[in-house]
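The structure under discussion appears below in the form of structure tokens.
What follows is calculated from the coordinates using simple rules that are stated; it is not laboratory data. Fair warning: this is a prediction, and the values are worked out from it, not measured in the lab. Note that each Cβ is placed from the backbone with ideal geometry, even for glycine, and that neighbours are counted across all protein chains shown.
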Amino acid sequence: MFVKDNPSGTVSWEHLRNHFFEMQYVKMQELFNEDKDRIKKFHIRWKDFIVDFSKNRINDTTLRLLVDFANEMKLSQGIEALFNGELINETEKRSVLHTALRDTKNKSAVTEEIKETLFRIKMFSDKVIKGEYRSTSDKPFTDIVNVGIGGSDLGPKMVVEALGNYRNHLKTHFVSNIDFDAIDELLKKLNPETTLVIVVSKSFTTKETIENAILFKNWLIAHKQDVSKHIIAVSTNNNEAQAFGIQEQNIFPMWDFVGGRFSLWSAVGISIALSVGYAHFEDLLKGAESMDEHFKQESFDKNIPVVLALLSIWYNNFFGFETEVVIPYANKLTDFPAYLQQVTMESNGKNIDRAQNPVNYQTGTIVWGEIGTNSQHAFFQLFHQGTKIIPVDFIGFINPFNESDMHDLLMANFFAQSEALLNGKVGNYAEQPQEDDVNAVYKGFLGNRPSNTFLIEKLTPESLGKLLAIYEHKTFVQGYLWNIYSFDQFGVEYGKKLAESIREEIQNKHIKGHDCSTTFLLENYLKYRKKTL
Ligand SMILES: O=P(O)(O)OC[C@H]1O[C@](O)(CO)[C@@H](O)[C@@H]1O
């Protein structure tokens, strides 16, 4: 089971704090000058991945002290507890076993159930793709609509997009928000006779999802389609799904031991299997499984998720950097930052520790991002010359899916940005300021801005699985070391309840019991709302 020690009370935390005072003014440029082989120490080469973390404000002592901290907090014990299915989600009395979803070696009862479900996903997706599972009017399906939100949307949507080059003829759409304007636009494009709807909701009670599912159900009924053929579900709540009109054989199970934001590996990912075929879905799982093995077995100083988590803690808790950014140099990873935000921020946005005390140190980092090079032309100015320091994860691929010289230009930008952030405008690139240039002062930049670089051979189902598992485990390690519970989300659940009661007040046109600001806003909403339906 997990220890419940306050990390800021450990000896190694104290050592890190003292070490920070030495390191805070050290320039990375100096570290590189002093040690021409710095890269040898601070990179990890693993399968088709190179993770270069040399461009960070660290030296040998930093890495050693960070690893000491992980050891003092008994991280190995925590990792063991995770993989052994101990009830580490203590507040909800649940195990956390998303790793079991991709564990082909495990022989426990849990994996039997998982295997059976994977087999069902394979059979079903094969049939739909081949046109053997047919619609009311005996036609093959052409369009898949995934109705879900949060973890029941972000992960599958991101993967379907990321593996766009592997997609088959099926057109996959994702409906998450309760924004009728957007849904209406989609409905106009869809043919109800050949549309298959997947309602994905672990709880089958999430308001947005159920409202949207009802909308699609009514749309299908209005077009005389058999709902039991056109709607399938993924849920732990069999009863509600059946009450909704979904046939039992078309309900794919979810389990309490898989958190929504870690669930794309389960039947929640059925839209992935449908879009790219089961074999590629399996490759995604295999990639994640190989990262699980690395995470379990590798020593902490060579362990990709552990090193990334420790660096993030170094910046978050000692330097006081508040956010970190992820920049994938691949359009196909456009949705990656949004997915990652849920994984990290819903998990580690907590302020009470595992011993029920308010924490006296920072937890959950703020994660954001955008693809390169677009982001360079949007917000990189602040990275280079702003007052805030924002550590960057650059993600790039050596080979594109479709060969083109253009890829070298894309990647030239990828390499240039991290180099510029490190070095600033010095060395080979320094321009001699013109004596009469009155703007010279605005044109310099100092560098010393940290980044990690992921150089991956190619974006494939397998490498994507590895990448996602890296960030899942990084999140786990951070939550564990911050001594918080990463696998519940009570904050979001409270917001859901509040929205329900406000909706009732709007419907009854009776606003009551709010602060004066909310009352003012609601009254104006009611006053100017012109409902035509
Ligand atoms: O799959 P469900 O039960 O509809 O929940 C959707 C999402 O809602 C949340 O509970 C809160 O946003 C997420 O954790 C979850 O992924």
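The protection proxy used here, the mean number of other Cβ atoms lying within 10 Å of each residue, ranks peptides 239-250, 297-308, 154-165, 176-187 as follows, highest first: 154-165, 297-308, 239-250, 176-187.
Using a Förster distance of 25 Å, how high is the FRET efficiency between Asp5 and Ile366, based on the Cβ-Cβ distance and rounded to 0.05? Write down the numbers at each step before the final one.
Details: r = 25 Å, r/R0 = 1.01.
After rounding to 0.05, the efficiency reads 0.50.
Which length gain, in nm to one decimal place, applies between Ala243 and Lys189 when the Cα-Cα distance is subtracted from 0.36 nm times their residue separation? Each step should come with its number before you reach the end.
Numbers: separation 54, 0.36 × 54 = 19.44 nm, distance 2.87 nm.
Full extension from Ala243 to Lys189 adds 16.6 nm.
Amide H contacts under 5 Å for Gly259: Leu97, His98, restricted to partners 5 or more places along the chain or on a different chain, H placed in the peptide plane at 1.01 Å from N. A Förster radius of 25 Å combined with the Cβ-Cβ distance from Tyr528 to Phe180 puts the calculated FRET efficiency at roughly 0.85.
Excluding Phe394 itself, what net charge comes from residues whose Cβ is under 13 Å from its Cβ, given Lys and Arg +1 and Asp and Glu -1? Spell out each step's value before the answer.
Numbers: positive: Lys55, Arg449; negative: Asp52, Glu324, Glu370, Asp393, Glu419.
Charge balance in the 13 Å sphere: -3.
By the helix-only formula, in which each DSSP H run with n ≥ 4 contributes -39500 (n - 2.57) and the sum is divided by residues, the chain has a 222 nm mean residue ellipticity of -13500 deg cm²/dmol. Inter-label distance, Val26 to Glu116: 5.6 nm, where each label sits 7 Å from its Cα along the C-beta direction.
Protection proxy ranking for 517-524, 54-61, 470-477, using the average of other Cβ atoms within 10 Å per residue and placing the highest first: 470-477, 54-61, 517-524.
Remark: spin-label model distance Lys425-Glu403 equals 4.0 nm, labels positioned 7 Å along the Cα→Cβ axis. Panel note: the C-alpha atoms of segment 77-156, placed on their principal axes, show extents of 55, 29, 16 Å (largest first). Residues of segment 126-160 falling in the label zone of His223, defined by backbone nitrogen less than 19 Å from a point 7 Å along Cα to beta-carbon, are 128-129, 131-148.
In this simple spin-label model, placing a label point 7 Å from the Cα along the Cα-to-Cβ direction at both Glu457 and Lys388 gives a separation of 3.8 nm.
Taken over segment 83-180, lysine pairs spaced eight or more positions apart, or on distinct chains, with alpha carbons under 26 Å apart number 23.
How would you order 412-421, 310-319, 135-144 from highest to lowest mean count of nearby Cβ atoms within 10 Å? Each step should come with its number before you reach the end.
Values: 412-421: 17.7, 310-319: 22.3, 135-144: 16.0.
Ranking, from highest mean packing down: 310-319, 412-421, 135-144.
Counting only complete DSSP H runs, which helices of the chain cover 20 Å or more along their long axis at the Cα atoms and score a mean Kyte-Doolittle of 0.0 or above? Walk me through the numbers on the way to the answer.
Values: long enough: 109-130 (32 Å, -0.06); 207-222 (22 Å, 0.26); 278-297 (29 Å, -0.95); 406-423 (26 Å, 0.47); 461-481 (30 Å, 0.02); 490-507 (26 Å, -0.62).
Correct list, ordered by number: 207-222, 406-423, 461-481.
When only Cα pairs below 8 angstrom with a gap of at least 6 residues are kept, the chain shows a relative contact order of 19 percent. Taking a point 7 Å out from the Cα of Lys302 in the direction of its Cβ, the residues of segment 33-62 whose backbone N falls within less than 20 Å of it are 37-55, 59-62.
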